[in-house]
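Beneath this line is the structure, given in structure tokens, with notes to follow.
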Amino acid sequence: TKQKEPELPLFFGWFLLPEEVERIKCATMDFLKTLDTLEAFKEHISEFTGEAEKEVDLEQYFQNPLQLHCTTKFCDYGKAEGAKEYAELQVVKESLAKSYELSVTALIVTPRTFGARVALTETQLKLWPEGADKEGVAPALLPSVEALPAGSRAHVTLGCSAGVDAVQTGLDLLEILALQKDGKEGTQVEMDLGTLTYLSEGRWFLTLREPITADTTFTSFSD
Ligand code: ACK
């Protein structure tokens with residue numbers, strides 16, 4: 001008789017504990033509220049609205065994802081390349097249901113996504129699949145992404161604008177990091193939370209003065 005293959009999940013990742021979700025949402029929403037009142041932001045408002053002079057309420061502009069998490073491996077129920085191999089890694093099996101503290105070091109806002117950059121520790125990087133940073137990256141951006149340290153794409157999606165898929169957050173983050181590396185920073189604004197930098201085409205990056213930590217559990221998710 002044929003043995004049924006164990007089913008693969010939609011993805012693996014670190015999931016924020018419920019009490020952490022509220023804390024992170026409050027802190028990051030406060031930032032959004034302040035951002036859309038800044039003169040520097042208003043100068044580039046057309047990159048969000050398509051027209052100058054029009055106002056935008058960023059809290060309404062971004063739709064919240066269901067569960068706050070940091071994806072390690074998108075498996076797509078086994079359809080994604082390397083899904084089975086990842087699920088079978090000893091380190092993955094051993095780490096399931098374990099607790100991890102994630103460190104958020106920056107926030108990004110673009111016309112498409114709102115996200116938190118996660119700085120992975122050496123231990124956490126063991127769960128980061130090889131090649132994950134460059135998956136689905138546009139060929140033109142590949143050389144820059146390959147020059148970034150492993151785990152550069154690690155993030156928590158905090159919101160997406162209408163019609164945008166969460167996969168975009170990691171791609172927007174990589175684009176911003178590549179621009180920064182090339183010294184393409186524009187206007188800088190000091191805020192309570194840290195330094196806000198503009199990176200053209202509606203891209204904003206807030207380097208946090210103090211990282212925000214969040215307790216999580218490593219687990220798999222299937223819809
Ligand atoms: O914000 P995220 O990391 O972006 O969380 C979701 C999660 O998997 C469930 O959809 C991410 N995701 C979706 N498609 C991909 C993909 N092709 N490569 C990497 N991550 C993906 C999405």
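The values are calculated or read from the model by the stated rules, or taken from the named source; none is laboratory data. Here the structure is a predicted model, which means the values were calculated and not measured. Here Cβ is always computed from backbone atoms with ideal geometry, including for glycine, and neighbour counts include all displayed protein chains. Calculation scope for accessible area: heavy atoms of the full protein, side chains included, ligands and nucleic acids excluded. Shrake-Rupley method; radii C 1.70, N 1.55, O 1.52, S 1.80 Å.
Odds and ends about this structure:
- Scanning the range 59-83 for residues that are open to solvent by 90 Å² or more (accessible area, probe 1.4 Å) and either more than 16 Å from the ligand (Cβ to nearest atom) or part of a helix (DSSP H, G or I) (or both) gives 60, 77.
- Selection status of residue 40, at pLDDT below 90, touching a Ser or Thr at 6+ places or on another chain (Cβ under 6 Å) and of a type in the set (A, V, I, L, M): no
- Per this entry, residue 56 is counted among residues that are outside any helix (DSSP H, G or I) and either touching a Phe, Trp or Tyr at 6+ places or on another chain (Cβ under 8 Å) or open to solvent by less than 80 Å² (accessible area, probe 1.4 Å) (or both).
- One residue stands out among those in the range 130-188 that are open to solvent by 70 Å² or more (accessible area, probe 1.4 Å) and part of a helix (DSSP H, G or I): the one that is nearest to the ligand (Cβ to nearest atom), which is 167.
- Those residues of the range 189-222 which are of a type in the set (Lys, Arg) and either farther than 24 Å from residue 112 by Cα or surrounded by fewer than 19 Cβ atoms within 10 Å (Cβ to Cβ) (or both), in sequence order: 209
- Any hit, the range 107-119, residues being touching a residue at least 60 places away in the same chain (Cβ under 8 Å) and aromatic (Phe, Trp, Tyr): yes
- When 202, 194 are checked against the criterion of being touching a His at 6+ places or on another chain (Cβ under 7 Å) and away from the ligand (no atom under 16 Å from the Cβ), 202 stands alone in meeting it.
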